[in-house]
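Encoded as C-alpha coordinates, the structure appears first; notes follow it.
The values are calculated or read from the model by the stated rules, or taken from the named source; none is laboratory data. The structure displayed is predicted, hence computed values, not measured ones. No Cβ is skipped: glycine too gets one built from the backbone with ideal geometry, and neighbour counts run over all protein chains shown.
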Amino acid sequence: MRYLVISDIHANLEALHAVLQYRDYDHILLLGDIVGYGASPEETVQQVQRLNPLAAVRGNHDKVVAGLEGGDTFVSNARKAALWSQSQLSVDSLKYLRGLPAGPVQVDSQVSIVHGSPRDEDEYLLPWDREGPSLDALATPICFFGHTHIPTIFFRLGETTCSRQVQPPAKLSLTPESARYLINPGAVGQPRDGDPRAAFLVFDADTLAVEFLRVDYDIETSQQKIRDAGLPAFLWQRLARGD
Ligand code: ZN
(Lines give C-alpha, C1' and ligand atoms only; values in the text may rest on other atoms or scores of the structure.)
Protein backbone atom coordinates (compact mmCIF):
# COMPACT_ATOMS: atom_id res chain seq x y z
CA MET A 1 0.00 0.00 0.00
CA ARG A 2 1.43 3.33 -1.08
CA TYR A 3 0.13 6.61 0.34
CA LEU A 4 0.50 9.95 -1.41
CA VAL A 5 0.71 12.39 1.51
CA ILE A 6 -0.15 16.00 0.69
CA SER A 7 -0.65 19.10 2.80
CA ASP A 8 -1.24 22.85 2.59
CA ILE A 9 -2.45 23.05 -1.00
CA HIS A 10 -3.74 26.55 -0.27
CA ALA A 11 -5.91 26.88 -3.39
CA ASN A 12 -2.87 26.57 -5.65
CA LEU A 13 -4.39 24.51 -8.46
CA GLU A 14 -1.26 24.58 -10.65
CA ALA A 15 0.86 23.13 -7.82
CA LEU A 16 -1.75 20.44 -7.07
CA HIS A 17 -1.92 19.42 -10.73
CA ALA A 18 1.86 19.11 -10.89
CA VAL A 19 1.91 16.86 -7.80
CA LEU A 20 -0.85 14.69 -9.30
CA GLN A 21 1.42 13.88 -12.23
CA TYR A 22 2.90 11.42 -9.74
CA ARG A 23 0.74 8.33 -10.10
CA ASP A 24 2.48 5.52 -8.24
CA TYR A 25 0.20 5.40 -5.20
CA ASP A 26 -2.96 3.66 -3.95
CA HIS A 27 -4.51 6.26 -1.63
CA ILE A 28 -4.24 9.93 -0.75
CA LEU A 29 -3.83 11.27 2.78
CA LEU A 30 -4.63 14.99 3.05
CA LEU A 31 -3.30 16.99 6.00
CA GLY A 32 -5.43 20.16 5.70
CA ASP A 33 -5.37 23.73 4.44
CA ILE A 34 -6.94 23.00 1.08
CA VAL A 35 -7.77 26.71 0.72
CA GLY A 36 -6.48 30.12 1.85
CA TYR A 37 -3.76 32.33 0.27
CA GLY A 38 -4.18 31.02 -3.30
CA ALA A 39 -6.66 32.17 -5.92
CA SER A 40 -8.32 28.92 -7.10
CA PRO A 41 -10.35 27.88 -4.05
CA GLU A 42 -13.42 26.50 -5.83
CA GLU A 43 -11.50 24.48 -8.44
CA THR A 44 -9.15 23.16 -5.77
CA VAL A 45 -11.93 21.97 -3.44
CA GLN A 46 -13.68 20.32 -6.38
CA GLN A 47 -10.45 18.61 -7.46
CA VAL A 48 -9.84 17.35 -3.91
CA GLN A 49 -13.36 15.92 -3.75
CA ARG A 50 -12.76 14.09 -7.03
CA LEU A 51 -9.53 12.65 -5.62
CA ASN A 52 -11.55 11.22 -2.74
CA PRO A 53 -8.75 11.00 -0.14
CA LEU A 54 -8.73 7.91 2.05
CA ALA A 55 -8.37 10.26 5.03
CA ALA A 56 -8.35 14.04 5.39
CA VAL A 57 -8.26 16.57 8.23
CA ARG A 58 -9.12 20.25 8.28
CA GLY A 59 -6.54 23.03 8.54
CA ASN A 60 -6.80 26.39 10.28
CA HIS A 61 -7.47 28.16 6.95
CA ASP A 62 -10.18 25.64 6.05
CA LYS A 63 -11.89 26.44 9.35
CA VAL A 64 -11.87 30.20 8.79
CA VAL A 65 -12.92 29.99 5.13
CA ALA A 66 -15.72 27.58 6.09
CA GLY A 67 -16.95 30.06 8.69
CA LEU A 68 -16.22 27.77 11.64
CA GLU A 69 -13.82 30.36 13.09
CA GLY A 70 -13.58 34.13 12.68
CA GLY A 71 -9.92 34.44 11.74
CA ASP A 72 -9.11 36.89 14.56
CA THR A 73 -5.78 35.14 15.06
CA PHE A 74 -4.82 35.55 11.37
CA VAL A 75 -2.44 38.22 10.13
CA SER A 76 -4.07 40.68 7.75
CA ASN A 77 -2.90 39.01 4.49
CA ALA A 78 -4.25 35.64 5.58
CA ARG A 79 -7.54 37.13 6.75
CA LYS A 80 -8.07 39.04 3.49
CA ALA A 81 -7.42 35.89 1.48
CA ALA A 82 -9.73 33.82 3.70
CA LEU A 83 -12.63 36.26 3.32
CA TRP A 84 -12.09 36.47 -0.43
CA SER A 85 -11.97 32.64 -0.66
CA GLN A 86 -15.21 32.37 1.26
CA SER A 87 -16.90 34.66 -1.29
CA GLN A 88 -15.66 32.44 -4.16
CA LEU A 89 -16.86 29.09 -2.86
CA SER A 90 -20.06 27.28 -3.81
CA VAL A 91 -22.46 26.04 -1.15
CA ASP A 92 -21.27 22.48 -1.81
CA SER A 93 -17.60 23.35 -1.39
CA LEU A 94 -18.24 25.27 1.84
CA LYS A 95 -20.15 22.26 3.11
CA TYR A 96 -17.27 19.95 2.23
CA LEU A 97 -14.80 22.14 4.15
CA ARG A 98 -17.15 22.35 7.13
CA GLY A 99 -17.39 18.57 7.21
CA LEU A 100 -13.65 17.91 7.40
CA PRO A 101 -12.72 16.34 10.76
CA ALA A 102 -10.24 17.74 13.27
CA GLY A 103 -7.19 15.52 13.68
CA PRO A 104 -5.86 13.18 14.75
CA VAL A 105 -7.53 10.74 12.36
CA GLN A 106 -6.25 7.18 12.46
CA VAL A 107 -5.71 5.72 8.99
CA ASP A 108 -4.56 2.19 9.86
CA SER A 109 -2.71 0.41 12.67
CA GLN A 110 0.53 2.26 11.85
CA VAL A 111 -0.51 5.67 10.55
CA SER A 112 -2.50 8.68 11.75
CA ILE A 113 -2.77 12.24 10.40
CA VAL A 114 -3.12 15.72 11.93
CA HIS A 115 -2.85 19.28 10.67
CA GLY A 116 -0.77 20.90 13.45
CA SER A 117 0.14 18.41 16.17
CA PRO A 118 -1.44 15.38 17.85
CA ARG A 119 -2.49 17.43 20.89
CA ASP A 120 -3.62 20.62 19.10
CA GLU A 121 -4.67 20.90 15.46
CA ASP A 122 -3.39 24.51 15.33
CA GLU A 123 0.04 23.99 16.96
CA TYR A 124 3.18 24.64 14.88
CA LEU A 125 5.86 21.94 15.12
CA LEU A 126 9.01 23.50 13.68
CA PRO A 127 12.18 21.44 13.26
CA TRP A 128 14.35 24.03 15.02
CA ASP A 129 12.20 24.33 18.17
CA ARG A 130 14.45 23.24 20.98
CA GLU A 131 11.67 21.64 22.93
CA GLY A 132 10.49 19.01 20.47
CA PRO A 133 6.97 17.63 20.52
CA SER A 134 5.90 14.82 22.80
CA LEU A 135 5.67 11.65 20.78
CA ASP A 136 4.05 9.78 23.66
CA ALA A 137 0.57 11.00 22.75
CA LEU A 138 0.71 9.31 19.35
CA ALA A 139 -1.93 6.62 18.87
CA THR A 140 0.16 5.12 16.05
CA PRO A 141 3.94 4.86 15.56
CA ILE A 142 3.76 7.10 12.49
CA CYS A 143 1.88 10.40 12.30
CA PHE A 144 1.90 12.78 9.33
CA PHE A 145 1.38 16.48 10.01
CA GLY A 146 1.37 19.76 8.07
CA HIS A 147 0.79 23.41 8.99
CA THR A 148 4.42 24.67 9.03
CA HIS A 149 5.06 24.16 5.28
CA ILE A 150 8.56 22.81 6.13
CA PRO A 151 9.51 19.20 5.27
CA THR A 152 10.39 17.79 8.69
CA ILE A 153 10.88 14.57 10.59
CA PHE A 154 10.73 14.13 14.37
CA PHE A 155 11.58 10.67 15.65
CA ARG A 156 12.11 9.00 18.95
CA LEU A 157 14.32 5.98 19.42
CA GLY A 158 14.47 4.86 23.06
CA GLU A 159 14.67 8.00 25.18
CA THR A 160 16.04 10.28 22.49
CA THR A 161 13.87 12.58 20.38
CA CYS A 162 15.50 14.03 17.27
CA SER A 163 14.25 16.58 14.77
CA ARG A 164 15.47 17.30 11.30
CA GLN A 165 14.47 19.54 8.44
CA VAL A 166 14.46 17.40 5.32
CA GLN A 167 15.82 18.56 1.98
CA PRO A 168 13.93 16.69 -0.74
CA PRO A 169 14.53 14.53 -2.62
CA ALA A 170 15.25 12.24 0.30
CA LYS A 171 14.32 8.64 1.05
CA LEU A 172 14.25 7.24 4.58
CA SER A 173 13.47 3.82 6.01
CA LEU A 174 11.25 3.80 9.09
CA THR A 175 11.31 1.25 11.92
CA PRO A 176 7.86 1.68 13.51
CA GLU A 177 8.30 -1.44 15.68
CA SER A 178 10.98 0.35 17.71
CA ALA A 179 10.52 4.08 17.01
CA ARG A 180 7.85 6.78 16.73
CA TYR A 181 7.65 9.41 14.03
CA LEU A 182 6.03 12.76 13.27
CA ILE A 183 6.58 13.59 9.60
CA ASN A 184 5.73 16.69 7.55
CA PRO A 185 5.81 16.46 3.73
CA GLY A 186 6.08 20.26 3.27
CA ALA A 187 3.49 22.32 1.41
CA VAL A 188 2.03 21.65 -2.03
CA GLY A 189 0.86 25.20 -2.62
CA GLN A 190 3.05 27.57 -0.59
CA PRO A 191 6.47 26.11 0.30
CA ARG A 192 8.38 28.01 3.00
CA ASP A 193 11.77 26.31 3.03
CA GLY A 194 13.36 28.40 0.29
CA ASP A 195 12.55 25.87 -2.45
CA PRO A 196 9.56 27.14 -4.48
CA ARG A 197 8.73 23.73 -6.00
CA ALA A 198 5.62 21.90 -4.76
CA ALA A 199 6.41 19.45 -1.94
CA PHE A 200 4.82 16.08 -1.15
CA LEU A 201 5.77 12.64 0.08
CA VAL A 202 5.05 9.01 -0.61
CA PHE A 203 4.88 6.43 2.18
CA ASP A 204 5.09 2.75 1.29
CA ALA A 205 3.42 0.85 4.14
CA ASP A 206 4.95 -2.47 2.98
CA THR A 207 8.59 -1.47 2.65
CA LEU A 208 8.26 1.28 5.33
CA ALA A 209 10.08 3.73 3.08
CA VAL A 210 9.14 7.38 3.10
CA GLU A 211 10.17 9.48 0.12
CA PHE A 212 10.16 13.30 0.20
CA LEU A 213 9.70 14.73 -3.28
CA ARG A 214 9.54 18.10 -5.10
CA VAL A 215 8.07 19.01 -8.45
CA ASP A 216 8.20 22.15 -10.60
CA TYR A 217 4.88 23.79 -11.38
CA ASP A 218 3.56 26.77 -13.29
CA ILE A 219 4.27 29.41 -10.63
CA GLU A 220 3.62 32.34 -13.02
CA THR A 221 0.01 31.29 -13.60
CA SER A 222 -0.64 30.91 -9.86
CA GLN A 223 0.87 34.34 -9.27
CA GLN A 224 -1.18 35.95 -12.03
CA LYS A 225 -4.41 34.54 -10.58
CA ILE A 226 -3.60 36.02 -7.16
CA ARG A 227 -2.85 39.39 -8.79
CA ASP A 228 -6.08 39.26 -10.80
CA ALA A 229 -8.04 38.50 -7.61
CA GLY A 230 -6.71 41.71 -6.08
CA LEU A 231 -5.16 39.88 -3.13
CA PRO A 232 -2.09 41.31 -1.30
CA ALA A 233 1.11 41.33 -3.42
CA PHE A 234 3.05 39.49 -0.71
CA LEU A 235 0.93 36.40 -1.41
CA TRP A 236 2.04 36.07 -5.04
CA GLN A 237 5.58 37.34 -4.54
CA ARG A 238 6.43 34.71 -1.94
CA LEU A 239 5.54 31.82 -4.29
CA ALA A 240 8.61 32.48 -6.47
CA ARG A 241 10.87 32.59 -3.42
CA GLY A 242 9.32 29.66 -1.59
CA ASP A 243 9.25 31.49 1.74
ZN1 ZN B 1 -1.00 26.16 5.72
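With the requirement that a residue be aliphatic (A, V, I, L, M), closer than 12 Å to D62 by Cα and more than 16 Å from the chain's Cα centre (by Cα), what does the range 79-126 give you?
A81, A82, L83, L89, L94
Can you pull out every residue in the range 194-212 that is more than 13 Å from G146 (Cα to Cα) and either within 14 Å of the ligand (Cβ to nearest atom) or assigned to a strand (DSSP E or B) (or both)?
Those that are more than 13 Å from G146 (Cα to Cα) and either within 14 Å of the ligand (Cβ to nearest atom) or assigned to a strand (DSSP E or B) (or both): A198, V202, F203, D204, A209, V210, E211, F212.
What do you reckon, is V64 in contact (Cβ under 8 Å) with a residue 24 or more places away in the chain and under 18 Å from A11 (Cβ atoms)?
yes
Only one of L126, L97 is outside any helix (DSSP H, G or I), of a type in the set (A, V, I, L, M), closer than 20 Å to A187 by Cα and within 16 Å of the ligand (Cβ to nearest atom); which?
L126
What's the number of the only condition in (1) aliphatic (A, V, I, L, M); (2) within 15 Å of the chain's Cα centre (by Cα); (3) crowded, with 23+ Cβ neighbours inside 10 Å; (4) closer than 24 Å to Q223 by Cα that V57 fails to meet?
It is condition (4) that V57 fails.
Among (1) outside any loop (DSSP other than H, G, I, E, B); (2) touching an Asp or Glu at 6+ places or on another chain (Cβ under 9 Å); (3) over 18 Å from A240 (Cβ atoms), there is one condition S222 misses while meeting the rest; what is its number?
(3)
For the range 1-27, name all the residues that are under 13 Å from A55 (Cβ atoms), more than 13 Å from the ligand (Cβ to nearest atom) and crowded, with 19+ Cβ neighbours inside 10 Å.
Y3, L4, V5
Given T148, T161, T175, which one is modelled with pLDDT under 95 and either within 16 Å of the ligand (Cβ to nearest atom) or farther than 30 Å from F234 by Cβ (or both)?
Only one candidate qualifies: T161.
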